[in-house]
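Worksheet for the structure shown next.
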Amino acid sequence: MAIATINPATGDLLKTFEPLKDRQIATKLDLAQQAFDSYRKTSFAKRAVWMQSCADILEQDKAEFAKLMTLEMGKPYFAAIAEAEKCAVVCRYYAEHAADFLADTPVKTDASNSFVRYQPLGIILAVMPWNFPFWQVFRFVAPALMAGNVGLLKHASNVPQCALAIEEIIHRAGFPPGVFQTLLIGAAKVADIIADDRVKAATLTGSEPAGASLAAAAGKQLKKTVLELGGSDPFIVTESADLEAAVATATTARMLNNGQSCIAAKRFIVVEAIADKFEKLLLEKFQSLKIGDPMSPDTDLGPLATPDILHELDNQVQACVQSGGKVLTGGHVLSRPGNFYPPTIITDIPPGSPTEQEEFFGPVAMLFRVRDLDAAIKVANATPFGLGASAWTTNERERDRLIEEIEAGAVFINGMVKSDPRLPFGGIKRSGYGRELSIEGIKEFVNVKTVWVK
Ligand code: NDP
């Protein structure tokens, strides 16, 4: 894939970038290692000043960054502003808490003094996707740099200007040169970089094939990885739920980021007793959404990020229909310039339909009717993924069963699945492993050193 900015709302090619040559990559690796040798010795207080400065820049210049995000991957401008603000929040969170999270932890043993110390590992490679082009990077950068690591970013090839802007923010914030660098490279170069002795670990957010490929390359070198991959999150609605609230959140949760979020609700599992009403309300909501220019404040739904994503989504919808699914609204590519797909609802999907198990990365909701809570939990868990789940009930017993029995990295009751710096984020099954954010996230890329003194 060429490294280029192509406006997804128009299809216009706006800028192309030459990938780095091998010797340029080598120079950047040298610089990263030199940077680590001194940066690892800086105090938490010093790092926190730089990280707070990142947050200031993100807040001050959010309009400029939001424009870049919308231009390169098509998310509505209001959502891009919110993304820049959320990046500032994660920077401040780790600036304030990293020293406590990574303080020596005393443990009583037979030694006169024994404790656990957390030390940085070195260069960490981050392979990141285009869907949250700032957030995905800052949720890696904030903990990794506060822990004393240095970062190399291989961003998705369709968001090079976002990748360069992030490097510039970190430079402007005062971090020493080399502490964070963007590598404009294609995916084929990733394995070579992981093979370099100085690169100690890697994290990837993206598709299953990309995750498997990175994990295989890292495994060969016995290096740690954290993977945040796809999801086909269930959104369960029981008879006791507040239906109006559930439908409003269902719409937001499916349309988030033009439907391109790993934690978007994708499979709507509704008990029979309220299914007709839920379906009617959801249909009204979906049909009321305004599709158009993502820069316009009236737009609810912008284009998908690339023509490939658009066609892949449409192929999945057509396959679902072929297998017996019924389209209630949408269901075809819009004939206009840009990568636009309408809000789509599919019902009556027969059990065993091939697409039932897939992730739909766009504004398409699959609606399943079930007899009762037992059936709802069964359908919710009948997926190779296990990222998040949203469940709606006012019944305590139902709530406790959902929390206990749903197979996912997160369960949200009466709310939309979302990431929050204070809470761990990550999946099980084919959604990946490891955690980002919170205290768990910062401990993924440190040496947990046992110290024992007689
Ligand atoms: P990819 O997983 O292909 O891309 C994500 C990142 O991984 C990019 O930086 C990409 O680089 C890189 N990459 C791709 N292949 C490899 C590889 N073999 N080794 C190392 N790095 C690699 O996502 P796509 O953009 O192609 O989207 C395809 C599907 O992935 C979506 O439809 C969706 O299902 C899922 N996805 C999930 C995301 C999530 O948040 N969990 C985010 C994005 C996508 P490059 O751009 O240069 O190819």
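For the reader, a short list of remarks on this structure follows.
- Considered as a group, the residues in the stretch 319-341 that are within 16 Å of the ligand (Cβ to nearest atom) and more than 25 Å from Pro160 (Cα to Cα) include one that is surrounded by the most Cβ atoms within 10 Å (Cβ to Cβ), and that residue is Cys320.
- In the condition set (1) within 30 Å of Pro297 (Cα to Cα); (2) within 16 Å of the ligand (Cβ to nearest atom); (3) among the aliphatic types (A, V, I, L, M); (4) assigned to a helix (DSSP H, G or I), Ile25 is compliant with all but (1).
- Scanning the stretch 411-454 for residues that are free of Cβ contacts under 8 Å to residues at least 40 places away in the same chain and aliphatic (A, V, I, L, M) returns Val411, Ile413, Leu423.
- Residue among Leu402, Leu367, Leu423 that alone is modelled with pLDDT of 95 or more, farther than 27 Å from Phe140 by Cβ and outside any strand (DSSP E or B): Leu402
- Only one entry in Gly324, Gly230 is touching a Ser or Thr at 6+ places or on another chain (Cβ under 8 Å), small (Gly, Ala, Ser) and closer than 18 Å to Thr383 by Cβ, namely Gly230.
- Matching strands (runs of 3 or more DSSP E) fully within the stretch 55-165 where at least 1 residues are modelled with pLDDT of 95 or more, touching an Asp or Glu at 6+ places or on another chain (Cβ under 6 Å) and of a type outside the set (Val, Ile, Thr): 113-120
- Scanning the stretch 236-269 for residues that are small (Gly, Ala, Ser) and within 16 Å of the ligand (Cβ to nearest atom) yields Ala253, Gly259, Ser261, Ala264, Ala265.
- Only residues that are in a helix (DSSP H, G or I) and closer than 27 Å to Asn7 by Cβ were counted in the stretch 172-193, giving 5.
- Scope the stretch 203-235; condition in contact (Cβ under 8 Å) with a residue 60 or more places away in the chain, more than 9 Å from the ligand (Cβ to nearest atom) and closer than 21 Å to Val141 by Cα; matching residues: Thr203, Lys224, Thr225, Val226, Leu227
The values are calculated or read from the model by the stated rules, or taken from the named source; none is laboratory data. Predicted, not measured: the structure shown is a model, and the values here were computed from it. All Cβ positions, glycine included, derive from the backbone under ideal geometry; neighbour counts span all protein chains shown.
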